[in-house]
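Worksheet for the structure shown next.
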Amino acid sequence: MNLGWIKKITITASLIAASGLPGTIAEAAGTATLLNVSYDPTRELYQSENAAFIQHWQKQTGQTLRIDQSHGGSGKQARAIIDGLEADVVTLALAYDIDAISDSKLLPANWQTRLPNNSTPYTSTIVFVVRKGNPKHITTWDDIVKPGVSVITPNPKTSGGARWNYLAAWGYKQKQSGSAVQAKNFVKALYKNVPVLDTGARGSTMTFAQRGLGDVLLAWENEAHLILKEFGKDKFEIVSPAISILAEPPVAIVDKNVTKHGTRKLAEAYLNFLYTPQAQDIIARNSYRPRNAASLKKYAANFPKIKLFTLNEVFGNWRTAQKTHFNDGGVFDQIYLP
Amino acid sequence: MEFFQRKRRNILPGFGLSMGYTVFYLSAIVIVPLSMIFFNTIPMGWEPFIHAVTAPRVLASYRLSFSTALFAALFDGGVGLLTAWVLVRYQFPGKQFLDALVDLPFALPTAVAGICFATLYSPVGWLGETLTKWNIEIINTPTGIVVALIFIGFPFVVRTIQPVLEEVEQEIEEAAQCLGATRWQTFRKILLPHLFPALLTGSTLAFARGIGEYGSVIFIAGNLPMKTEIAPLMIMAKLDQFDYAGASAVALVLLLISFSMLLLLNAVQEWQQKEYR
């Protein structure tokens, strides 16, 4: 798919160039490229968004546009940018990864205040995927820590999605019991039930769906819908817990790179476009929760009502959450020590 | 002084030039990139360095990486010797095909191998289903890691033994037999001394490769802290925390242990060659 439209565009472009006459036209209108560096599960979302934005931009400015996508683990993508990958925009799984990019002065520290809704045009949450018929009767967070239930979730050390899973579980217990100690014990019991920690969210999906390990998979809501689509509704079902975390995957312009490429206006327009009703509908169709109320209502059937708490409510902010829970010596390390 | 004498005795000229190139290339290809690991750890200071490399999880990962690589290398040594023997000493239809198969682990992206193993040994997989019935667990255990490393290291052993074995003339074996040696004696006293250096080199290569292997292992290991986390994964995990210095520290220790082991094995090899010649 991805290659498909890139090819189409390059073929059209080369046809135009080959026909000889429109060299001048192309120059007048100009062509521009934009590099969007994103995390793994957004591949399909941005394929649709990019196609829509290219049309929108062409209509508005007459400029032909090429948008390159790069996908990978969120942390690895952030590191690639820090190490010199010249992304114009970043759209990652969690704010901490973009914080890390801002630490190397590629964008200002207050980046998250520059766009509406904490710079997250779409959100998601963490749900359960179980085998058809829900043989272990899993409906709540408390069900997945019961002995004998095998839980699949990736390693929070290497996966952004896994960190959301962990924080969702912790947040649930802390809100329910009001005690951080209980939350810690809850998470400890949860990881006792985890037989394998894959390095990324897609890896866990494969472990659960293809290799048949585990009774329940903790997954992004959008990834859960993808599993049903890919592997069949006759094999798996989604169980939405009553309470979960509001996962906010943020977007930002990489200031240093857009200045260098002269693409600031374009990059800003691209990110703002994600907030338009048209883009929000695409977001909803890709099983991400749109911010726009009208779009959310339109696709309400896909998004069961879940009581969502934000990360800031429970953990303060991403930097604190990262430091307390996931850095070396943090809580995640402690729960594995004998 | 000896340095120069040697140079004079050599028939082909150009020691200075070729030595210069050797040093230059070794520096450019090996020493300079690896020295970056060293320089990355310097700003850390001594105490954080010790703290990073002696954390329980890191120590457990070192133990796991070295022990699984050692087991895999030993196994490869035995099976690799046998395979090389069959490929050199016998003629049979399909030999070319078998010979080409040996190289496949070299050519394949290791991640592909990892996925194959994980699928094969999973509880619903082809082999895993039967094994589960017998209560044998391969996937997500250290055994699974050894299985992956055996696959990765296999060609190293076969390919180092093959040419040496080709040079050992069959007449020597026949002569031994005529002089009344038993089969075991022929193997033990005649063949093995010839093959031992190659066997050692091959197994060492397999061992070294196994210590650093990431792609194939990660899919089958399970990656549970303290149990099935390999050392390269610890490095990746530290990088994902943007802890470049910590990652380099773990890598540096891995590098030092590997290097001293390789030196030691080289010394053993040299000693062994002296013994038999």
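Students often get this wrong, so check it: of A:K233/B:K238; A:K105/A:K157; A:K188/A:K323; A:K146/A:K305, which have C-alpha atoms separated by over 27 Å?
Check vs 27 Å cut-off fails for A:K233/B:K238.
Most fluctuating residue of A:G73, A:G171, A:G232 in a GNM of chain A with Cα springs under 10 Å: which is it?
Evaluated over chain A, the most mobile residue of the options is A:G232.
Ignoring everything except DSSP H segments at least 4 long, calculate the 222 nm mean residue ellipticity for the protein assembly as shown; use -39,500 (n - 2.57) per segment, divide by total residues, nearest 500.
-18500 deg cm²/dmol
With all protein chains present, calculate the accessible area of A:V194 using a 1.4 Å probe and round the result to the nearest 10 Å².
10
Quick check: residue separation of B:I29 and B:I50 times 0.36 nm, minus the Cα distance between them. What number comes out in nm?
4.7 nm
Taking chain B as a Gaussian network, where each spring joins two C-alpha atoms under 10 Å apart, which residue of B:L108, B:L59, B:L255 fluctuates the most?
Most flexible of the set in this elastic network: B:L108.
Give me the extension gain from B:S260 to B:T22: residue separation times 0.36 nm, minus the current Cα-Cα distance, reported in nm with one decimal.
83.5 nm
Please state the shape class of the stretch B:202-247: rounded when a/c is under 1.5, otherwise prolate if a/b exceeds b/c and oblate if not, all from the C-alpha gyration tensor.
Verdict is oblate for the stretch B:202-247.
If we restrict to alpha carbons, what Rg and Dmax does chain A come to, in Å?
21.1, 74
Please compute how much accessible surface disappears when B pairs with A, both sides summed, using a 1.4 Å probe, and round it to the nearest 100 Å².
Chains B and A together bury roughly 2400 Å² of accessible area.
Going by a ≥ b ≥ c, the root eigenvalues of the Cα gyration tensor, does chain B fall in the rounded group (a/c under 1.5), the prolate group (a/b larger than b/c) or the oblate group?
The shape class here is oblate.
Straight-line reach from B:K274: which aspartates and glutamates fall under 20 Å, measuring Cα to Cα and dropping same-chain residues less than 8 apart?
Cross-link targets: B:E167.
Once all Cα-Cα distances of the protein assembly as shown are split into 20 Å bins that start at 0, what whole-number percent is in each one?
All Cα pairs, binned at 20 Å, distribute as 16, 43, 30, 10, 1 percent.
Excluding ligands and nucleic acids, what accessible area in Å² is computed for A:M206 using a 1.4 Å probe, to the nearest 10?
A:M206 has an accessible surface of roughly 70 Å² with all protein chains in place.
Pairing the Cα long axis of helix A:264-273 with the longest principal axis of chain A, what angle in degrees results, from 0 to 90 and rounded to the nearest 10?
50
With each pseudo-label sitting 7 Å past Cα toward Cβ, what's the B:A245-B:E169 distance in nm, one decimal?
Label-label distance for B:A245 and B:E169, simple model: 6.4 nm.
Determine which aspartates and glutamates satisfy two conditions relative to A:K229: a Cα distance under 18 Å, and not lying fewer than 8 residues away in the same chain.
Within reach: A:D40, A:E44, A:E221, A:E237.
Can you give the net charge of the other residues whose Cβ lies under 13 Å from the Cβ of A:L228, counting K and R as +1 and D and E as -1?
Local charge sum for A:L228: 0.
Counting other Cβ atoms within 10 Å, keep those with at most 14, restrict to DSSP loop, and tell me which trypsin sites (Lys or Arg not before Pro) in the stretch A:212-307 are left.
A:K233, A:K235, A:K305
Roughly what % of DSSP beta bridges within chain A run antiparallel, to the nearest 5?
The antiparallel proportion sits near 50 percent.
The values are calculated or read from the model by the stated rules, or taken from the named source; none is laboratory data. As the structure is a prediction and not an experimental result, all values here were calculated from the model. Cβ coordinates were reconstructed from backbone atoms using ideal geometry, including for glycine residues, and neighbour counts include every protein chain displayed. Protein only, heavy atoms only, side chains kept; ligands, DNA and RNA dropped before computing areas. Shrake-Rupley method; radii C 1.70, N 1.55, O 1.52, S 1.80 Å.
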